[in-house]
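K.L.:
To start, I am sharing the structure in question, which I have written as structure tokens.
The values are calculated or read from the model by the stated rules, or taken from the named source; none is laboratory data. All figures in this text were calculated on a predicted structure; none of them were measured in a lab. Cβ sites come from the backbone with ideal geometry, for glycine too, and all protein chains shown count toward neighbours.
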Amino acid sequence: MYIYEQIFNRRAMKSIIDRVRELTNFSNSIDIPMAQQYITSNIDFKGANLWILFFATIIASVGLNTNSIPVVIGAMLISPIMGPIMGIGLSLGTNNTELAKRSLRNLLIMTCVSILASTIFFLITPLRMEHPTELLARTNPTIYDVMIALFGGLAMIVEVCKKEKGTVIAGAAIATALIPPLCTAGYGIANGHLSFFIGAIYLYFINMVFIALATFIMVRYLHFPSITFKDEAREKRVRRWISFGIILIIIPSIFSAVTVIKENNFNKTAGKFVRDHKSLRNGYIHDYNIQHNATSKSTLTIEIAGEKLSQKDVELLKADVVKYGLDTSQLIINQTSTFEQESIDDAAIIKGIFSQNEMEIKRREAYIAKLENELKELRSSILPTTQIKRELCAQYSQITDLTLAKGEVVGNDMEAQKRVIAIVKAEKRLSKTDLEKIQRWLSVRLEIENVEIFQQ
């Protein structure tokens with residue numbers, strides 16, 4: 001009986017394994033010669049491809065400068081930027097030195113053209129945003145950028161190898177986001193922001209390296225035909241150069257991944273430390289700043305407000321840092337916004353003052369909480385009219401003016417309901433259907449059900 005059970009279990013396990021292999025196997029749906037032709041034909045940047053790249057860079061720069069994500073996505077869709085990067089991975093996987101030289105040459109041309117185009121745009125554009133959030137997002141790579149570049153590159157090379165092409169290439173181009181970092185680098189050059197340029201180039205390098213690495217891995221896995229040499233000495237020389245190229249890709253990628261992981265972990269730990277120590281006796285942490293240095297350890301600078309901490313309190317605070325896995329040298333305490341309490345010998349007076357201080361602190365905390373709630377409500381009532389007008393004009397170019405007002409309506413049941421009043425003015429009067437569409441769009445955009453729209 002035991003033997004029969006073993007045989008049954010083995011058969012069941014084999015059936016499951018065979019089913020998994022059937023589901024995951026895609027060797028029957030790939031066309032390696034077609035994939036090689038596709039990659040090699042998209043490497044060269046000249047003529048139409050060069051102009052398309054230039055226009056895509058300008059479009060992406062406009063989107064980043066206006067914080068318009070749809071515009072940036074559109075630029076990434078039309079940009080032919082993936083060809084040389086995938087060509088590098090293909091050349092390393094097939095021992096093709098000529099293809100590697102060609103890919104690197106075109107990658108350099110592509111990078112220079114994109115940075116030049118974005119630099120020109122940001123030099124001549126009259127629009128200067130105070131808080132360019134989309135630009136800032138391209139200056140601080142995280143571990144997620146590494147994962148997106150690697151798996152996006154794997155998805156793209158698999159799609160390229162398929163006999164029937166789908167929409168994965170466009171999706172991978174959007175996910176890996178190569179154009180926006182180059183545009184941000186151009187912004188840094190045009191405005192003299194070295195940190196923008198370095199951060200953007202760093203993100204671009206991460207994306208580029210991991211896409212090339214993903215292509216190399218899949219080329220080797222699918223057994224693309226490699227170049228063989230009649231001259232053994234030359235073959236050994238080429239293999240050495242290929243190995244060197246692979247090392248050049250892998251080592252920086254590992255370093256980048258480790259660096260990004262460390263910085264991400266430090267940011268998480270530092271943020272938790274600040275949240276846990278927001279209140280400090282008669283003071284509090286009103287601001288903090290994290291600095292990452294390539295040559296030294298990352299540091300956390302906290303800004304203390306209220307009563308100045310004693311030396312003992314400072315030592316206790318630094319001791320708590322160690323519990324979070326950080327060094328005491330990584331914590332910098334700034335007390336420029338504090339005041340020093342005078343010492344009084346009379347115990348009774350000290351006790352009275354201490355009690356009064358506790359009451360004052362509680363009163364302040366309650367008042368601060370009240371102000372924070374009022375500020376939150378005030379911020380929630382402010383509508384992004386300018387941004388909404390831009391988005392609305394992108395759909396209805398005839399609209400010239402937009403007025404938004406947010407308030408509350410009290411009915412007979414004495415319950416207040418939030419309502420938004422929208423007044424539009426257009427060169428040509430909008431139809432009732434268009435007004436209804438705009439009303440529904442505003443309701444979704446502002447997350448408010450009650451939206452009334454009027455045409456002036």
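K.L.:
Provide a single number: the residues in region 80-109 that are of a type in the set (Ser, Thr, Tyr) and buried (at least 24 other Cβ atoms within 10 Å of the Cβ).
P.N.:
Final tally of qualifying residues: 2.
K.L.:
What number of residues within region 72-102 satisfy the criterion of being small (Gly, Ala, Ser) and closer than 16 Å to residue 214 by Cα?
P.N.:
Total meeting the criteria: 6.
K.L.:
Among (1) at pLDDT 80 or above; (2) within 35 Å of the chain's Cα centre (by Cα); (3) not assigned by TED's automatic domain parsing to the domain that holds residue 446, where does residue 361 come up short?
P.N.:
Checking residue 361 against (1) at pLDDT 80 or above; (2) within 35 Å of the chain's Cα centre (by Cα); (3) not assigned by TED's automatic domain parsing to the domain that holds residue 446, the one that fails is (2).
K.L.:
Is it the case that region 241-263 has a residue that's touching a Lys or Arg at 6+ places or on another chain (Cβ under 9 Å), acidic (Asp, Glu) and either outside the structural domain of residue 146 (by TED's automatic domain parsing) or at pLDDT below 70 (or both)?
P.N.:
No.
K.L.:
Right, next: Could you give me the residue pairs with C-beta distances under 9 Å whose first residue belongs to region 208-229 and is assigned by TED's automatic domain parsing to the domain that holds residue 39 and on the phi > 0 side of the Ramachandran plot, whose second residue is surrounded by fewer than 24 Cβ atoms within 10 Å (Cβ to Cβ) and at pLDDT below 85 wherever it lies, and which are 6+ apart or on separate chains?
P.N.:
Here the result reads 223/32, each pair linking region 208-229 to a residue that is surrounded by fewer than 24 Cβ atoms within 10 Å (Cβ to Cβ) and at pLDDT below 85.
K.L.:
Can you tell me which residue within region 368-420, out of those that are outside any strand (DSSP E or B) and either basic (Lys, Arg) or in contact with a Ser or Thr (Cβ under 6 Å, 6 or more places away or on another chain) (or both), is modelled with the lowest pLDDT?
P.N.:
Out of the qualifying residues, it is 379.
K.L.:
Could you look through region 39-79, keep only residues that are among the hydroxyl-bearing types (Ser, Thr, Tyr) and at pLDDT 80 or above, and pick out the one that is surrounded by the fewest Cβ atoms within 10 Å (Cβ to Cβ)?
P.N.:
Applying the filter and picking the extreme gives 41.
K.L.:
Given (1) in contact with a Leu (Cβ under 6 Å, 6 or more places away or on another chain); (2) within 30 Å of residue 282 (Cβ to Cβ); (3) polar (S, T, N, Q), identify the lone condition not met by residue 385.
P.N.:
(2)
K.L.:
A follow-up question, please. Mind telling me which of the residues 289, 282 ends up being in contact (Cβ under 8 Å) with a residue 60 or more places away in the chain and of a type in the set (S, T, N, Q)?
P.N.:
282
K.L.:
Within region 148-240, which helices (runs of 4 or more DSSP H) (wholly inside it) include 2 or more residues that are modelled with pLDDT of 75 or more, crowded, with 18+ Cβ neighbours inside 10 Å and within 17 Å of the chain's Cα centre (by Cα)?
P.N.:
Because the criterion is at least 2 residues that are modelled with pLDDT of 75 or more, crowded, with 18+ Cβ neighbours inside 10 Å and within 17 Å of the chain's Cα centre (by Cα), the helices (runs of 4 or more DSSP H) in region 148-240 that meet it are 179-191, 194-221.
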